[in-house]
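Working notes, structure below.
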Amino acid sequence: SKAGRVCSQIEMNPPKGVKCEGCLMLLKRAASGGKWSLIATSSPSIVSTSFTTDLQSGHYRLVPVSFGCQLEARGKQPDLTKVATKSGGEAKLTKKVKSAIEKVFSQYDTTSQGSLGRDEYDLLQHR
């Protein structure tokens, strides 16, 4: 990609009863196609966060990150049929939930090898 300026923003829209804090992380891949390096982060926020930075030419990845959520007490048990189904006495994730997990995993699998290396796992745990 060409050199230029990037402006990015993320809106946190958690479900009722959940307060989530998150930020944006900008990664740049080494010129040799090697490791990804963290070059910018936005300030953590519960509602929305953004940042603007100048970029050199290269390959970049913008990664939204959640630092976890603070849960409030709920009045009733959740409907688990939205998360998993039972088949032959064994619970299986629904397609929607499995797809969401795979999407998050792929954001951290920067080498596209189907598993997380130490650097990728450390990035996932970076808070």
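Quick note: the coordinates plus some simple rules give every number you see, no bench work behind them. Since we're looking at a predicted model, the values are computed, not measured. Neighbour counts run over all protein chains shown; Cβ positions are idealised from the backbone, glycine included.
In terms of distances greater than 32 angstrom between alpha carbons, the cross-link table entries Lys28/Lys86; Lys28/Lys96; Lys76/Lys96; Lys35/Lys86; Lys76/Lys98; Lys35/Lys103 yield Lys28/Lys86; Lys35/Lys86. Label sites at Arg29 and Lys95, each approximated as a point 7 angstrom past Cα along Cα to Cβ, lie 3.0 nm apart.
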